[in-house]
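To keep things clear, I will list the structure first and then write my remarks on it.
The values are calculated or read from the model by the stated rules, or taken from the named source; none is laboratory data. Predicted model only: the values in this text are computed from it and were never measured. Neighbour counts run over all protein chains shown; Cβ positions are idealised from the backbone, glycine included. Note: areas computed on protein heavy atoms with side chains; ligands, DNA, RNA excluded. Shrake-Rupley method; radii C 1.70, N 1.55, O 1.52, S 1.80 Å.
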Amino acid sequence: MAEITYREALKRAMREEMQHDPNVVIWGEDIVAYNNGGAYGVTQGLAKEFAGRVRDVPISEEAIIGLGVGAAMNGMRPICEIMTVNFTLVAWDQIVNHAAKQSHMFNGLLKVPMVIRTPNGHGRTASTHSQNFDSWFASIPGLKVIAPSTPYDAKGLLKSAIRDNDPVIFLEHLQLYGTKGEVPDEEYFVPIGESVYRRRGADVTVVSWGRMAFESNKAANMLAQDGIDVELIDLRTLRPLDLTLALESIKKTNRAIVVEEGWRSVGLGAEIAASLQEQAFDYLDAPIARVAGLEVPMPYAKNLERATLPFADDVVAAVKAMMQKQY
Amino acid sequence: MDNQSLISLYRKMLLVRVFEDKSAEMYTKARIAGFLHLTNGQEAIAVGAMSALNADDDLFTHYRDHGYAILKGASPESVMAELFGRATGTTGGRGGSMHLIHMDTNYWGGYAIVGGHLTLASGVAAANQFHGNGRVVTCVMGDGSTNIGTFHAALNWAQLWKLPIIFLVENNQFAMGTTIRNHSALPDVYRKADGYGMAAEQVDGNDVLAVHDVIARAAARGRAGEGPTLVEAVTYRHRGHSMADPDVQRDKAEIADWKKRDPIHRFANEVLLKRGIASPQDLEEISAEVEARVDKAAEFAENSPEPALDTLYKHIYMEPVSNMQVGGSLIRPPQIGARVASSEGENGRQ
């Protein structure tokens with residue numbers, strides 16, 4: 001098995017699926033000419049391999065999504081790239097009122113097999129370019145929402161998303177693009193809607209996804225040196241949400257922390273904590289804790305940005321606090 | 001056009017008119033709820049346009065869509081049943097008046113977010129172009145739609161890729177209650193195409209034959225690979241924006257003046273009767289037929305069942321998703337072993 005980057009894993013998924021199905025196309029801003037393919041290089045080289053099927057489009061996010069919905073309804077499988085998740089706001093009506101609702105409102109007469117790929121992330125780009133809307137997307141019936149944390153899952157889930165017959169929001173992460181992991185050479189798929197144990201442990205359950213699953217794994221390594229044994233569950237898909245493993249884990253560890261990057265209140269972490277306590281109240285030795293982003297628009301200054309976002313050390317602190325506190 | 005086709009245009013315009021009047025009646029009898037937008041006075045646009053297109057050409061419309069659905073082949077029964085919110089409606093009672101559909105003939109639906117469907121229609125046109133299937137899309141909207149972002153985004157893209165699509169604006173000169181002089185910097189809507197180098201035509205929307213000719217030209221352009229056309233059909237609605245509109249803001253004299261240009265009476269007098277294609281008695285017979293047809297539709301709707309409650313979650317996803325109700329609170333049966341094995345390579349490595 002070769003070690004490749006998260007970015008390369010995504011590209012391989014698209015290449016394989018474009019070879020598999022001639023109706024798969026990629027439309028996005030600056031995915032062909034600029035930088036030989038993409039502001040973040042995910043589509044680099046694909047336009048040359050698949051003439052006419054990877055196209056630069058106008059900076060019109062509502063049209064990128066809307067044309068994607070139309071093309072998907074009419075026999076294509078478009079992958080629509082939105083340069084960063086921040087720009088999906090321009091297309092919110094097209095996503096919520098159209099992509100998500102077509103098949104239900106039109107009673108199954110229409111289907112929308114499209115993938116909207118877009119990265120979360122930050123990097124000294126200030127508040128309009130450093131946001132996380134995982135919770136918003138995950139609250140919408142009709143959408144499937146995916147947020148992989150490893151190259152293995154990025155490839156396997158993107159392949160599943162492209163073959164899926166529903167609209168999928170595929171949330172990549174700028175800070176994960178360069179991370180590496182083992183990815184098999186042979187074809188595989190990771191099913192949508194299944195969480196996974198990223199790490200087995202006995203003391204405390206950590207539930208996370210995306211970049212924070214990556215950070216939580218780092219935290220677990222640090223905590224292991226202090227003798228704290230973390231069980232880490234990576235949700236991978238945010239809608240439909242699979243809490244089976246989280247529930248099973250809590251029954252063993254009796255403690256749980258939900259770790260998310262986005263704003264804390266009304267966030268997906270709150271939904272997860274509520275759902276888990278509804279089903280595992282009698283097993284809990286402590287209130288379910290949350291680690292999340294601070295509720296401020298992201299500042300530009302280095303120290304302020306660092307203070308706003310959660311990292312591994314925040315997870316370490318939360319786990320230690322939970323383990324030390326007597327209830 | 002032969003005489004039979006001309007008489008057919010009349011019959012269709014009348015069917016749309018009578019259907020709307022029956023819908024209004026059913027609304028006042030509380031059989032229909034919510035928003036009900038009627039197209040009285042604008043029938044020549046839908047009938048003229050649909051008569052110029054192939055049966056499998058694609059159609060997207062705004063929410064003033066009853067006539068379009070029927071003209072595309074949805075039965076008056078299924079449309080009236082949808083307005084009633086019944087299981088036998090075009091979407092089984094899910095979409096209501098504003099979201100009719102008839103996919104047997106590629107009527108992709110009525111859309112109720114102003115301008116929201118222009119991009120979708122362009123996407124269907126892009127797929128037609130990609131597959132080279134020769135189909136042309138018609139995307140119908142009101143004059144109010146020409147000010148929203150998707151109008152400009154869709155027109156720019158459609159012209160850029162030379163998509164086979166006709167943007168058909170029913171300019172009834174009001175965006176709800178706001179007159180076009182107060183909502184559009186360019187009241188001549190067709191000139192907005194200039195900004196994108198797009199072909200455009202303005203036509204008398206109350207002249208069914210003129211609309212037919214303009215749409216036929218635009219469709220030919222699309223099929224020949226020459227790209228999109230913006231068609232502005234100027235008209236006026238006889239009723240308010242919807243059944244909820246008391247219609248106090250429009251000038252009574254203006255309404256009366258436009259009623260003199262009623263597209264149905266005009267076509268009957270200036271074409272059918274004048275040229276001796278039909279007699280007054282013929283027209284009365286058609287009228288009686290159409291009335292009976294629409295009465296039958298209302299009766300069908302009245303006798304149709306409500307949608308079954310257990311269909312509520314159907315089609316949120318194309319294949320059933322076991323844990324979709326209330327987002328995630330329902331727990332899937334565990335299959336833990338398989339999933340741990342599939343991700344072993346990643347454990348603890350980051």
For chain B, built as a Gaussian network whose Cα springs stay under 10 Å, the top-fluctuating residue of B:L160, B:L312, B:L71: B:L312
Nearest-10 value in Å² for the accessible area of A:F189, using the 1.4 Å probe: 80 Å²
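From the protein chains alone at 1.4 Å, what is the descending order of accessible area for A:W263, A:W209, largest first?
The ranking, largest first, comes out as A:W263, A:W209.
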Column: log10 I(q)/I(0), Debye, Cα scatterers of the stretch A:246-327, q = 0.15, 0.19, 0.26 Å⁻¹: -0.58, -0.85, -1.26
Most mobile of A:L238, A:L89, A:L157 in a GNM of chain A (Cα contacts under 10 Å): A:L89
Per-residue mean of C-beta atoms belonging to partner chains within 10 Å, peptide A:107-115: 5
All-pairs alpha carbon distance profile, the stretch B:3-306, 20 Å steps from 0, percent: 35, 59, 5
Mean Cβ neighbour count within 10 Å, used as a protection proxy, ranking B:39-47, A:302-310 highest first: B:39-47, A:302-310
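Please report the antiparallel percentage of DSSP beta bridges with both residues in the protein assembly as shown, rounded to the nearest 5. Before the final figure, lay out the partial values.
Details: 12 of 67 bridges.
Beta bridges within the protein assembly as shown, antiparallel portion: roughly 20 percent.
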Radius of gyration and maximum dimension Dmax of the stretch A:181-327, Cα, Å: 15.4, 50
Note, ³J(HN,Hα) from phi for the stretch A:300-306, Karplus 6.51, -1.76, 1.60, rounded to Hz, x at Gly and Pro: 7, 3, 4, 5, 6, 4, 4
Solvent-accessible area, 1.4 Å probe, carbon plus sulfur percent, for the stretch A:2-183: 50 percent
Residue-averaged beta-carbon neighbours from other chains (10 angstrom radius) around A:239-251: 5
Amide H partners (placed H, <5 Å) of B:T179, local residues excluded: none
3J(HN,Hα) from dihedral phi, the stretch B:196-201, Karplus parametrisation 6.51/-1.76/1.60, rounded to Hz, x for glycine, proline: 10, x, 9, 4, 8, 9
Directionally averaged shadow of the stretch B:137-180, computed from the convex hull of its alpha-carbon atoms, nm²: 3.0 nm²
Eligible lysines near B:K260 by straight Cα distance, threshold 26 Å, same-chain separation 8 or greater: B:K12, B:K22, B:K252, B:K274
Peptide-level mean, for B:124-135, of C-beta atoms on other protein chains within 10 Å: 5
Cα-based Rg of the stretch B:82-124 normalised by 2.2 N^0.38 Å, two decimals: 1.21
Radius ratio Rg over Rh of chain A, counting only Cα atoms, Kirkwood formula for Rh: 0.97
Where labels lie 7 Å past Cα in the beta-carbon direction, separation of B:S279 and B:M176 in nm: 5.1 nm
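For the protein assembly as shown, what value does the Rg/Rh ratio take when both radii are computed over Cα atoms and Rh is the Kirkwood radius, given to two decimals?
My calculation puts Rg/Rh at 1.04.
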Principal-axis tilt of helix B:208-223 within chain B, Cα atoms, nearest 10 degrees: 40 degrees
Cα-based reach from A:K144 at 29 Å (exclusive), listing lysines while leaving out same-chain residues under 8 positions away: A:K11, A:K101, A:K111, A:K155, A:K159, A:K180, A:K218, A:K251, B:K314
Protein heavy-atom accessible area occluded, A/B pair - total, 1.4 Å probe, Å²: 5700 Å²
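Please work out how much length the chain gains when fully extended from A:S265 to A:F189, using 0.36 nm per residue of separation minus the C-alpha to C-alpha distance, in nm with one decimal.
Additional length available on full extension: 24.0 nm.
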Per-residue HN-Hα couplings for the stretch B:151-156 [Karplus 6.51, -1.76, 1.60; θ = phi - 60°; Hz; x = Gly/Pro]: 4, 6, 5, 6, 5, 4
Where N is the number of residues in the stretch A:2-183, Cα Rg divided by 2.2 N^0.38 Å: 0.95
Helical contribution to [θ] at 222 nm, DSSP H n ≥ 4, -39,500 (n - 2.57), averaged over chain A, rounded to 500: -10000 deg cm²/dmol
Rel. contact order, % - alpha carbon contacts under 8 angstrom, at least six apart, chain B: 22 percent
Accessible carbon and sulfur surface of chain B relative to its total accessible area, %, 1.4 Å: 52 percent
MRE, 222 nm, helices only [DSSP H, n ≥ 4, -39500 (n - 2.57), over chain B, to nearest 500]: -12500 deg cm²/dmol
Residue-level accessible surface for A:D229, protein heavy atoms, 1.4 Å, Å²: 70 Å²
Bins of 5 Å, starting at 0 and running to the largest distance - Cα pair percent for the stretch A:215-282: 3, 14, 25, 25, 20, 10, 2, 0
Chain lengthening between A:D21 and A:F311 when straightened (0.36 nm per residue, less Cα-Cα): 100.4 nm
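Run the numbers on chain A and let me know its relative contact order in percent, using alpha-carbon pairs under 8 Å that are six or more apart.
Relative contact order for chain A comes out at 16 percent.
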Of all DSSP beta bridges in the stretch A:2-183, antiparallel share, percent nearest 5: 15 percent
The stretch B:1-68: radius of gyration and largest Cα-Cα distance (Dmax), Å: 13.6, 42
Choice from A:E61, A:E186, A:E17 showing the highest fluctuation, given a GNM over chain A with Cα pairs closer than 10 Å: A:E186
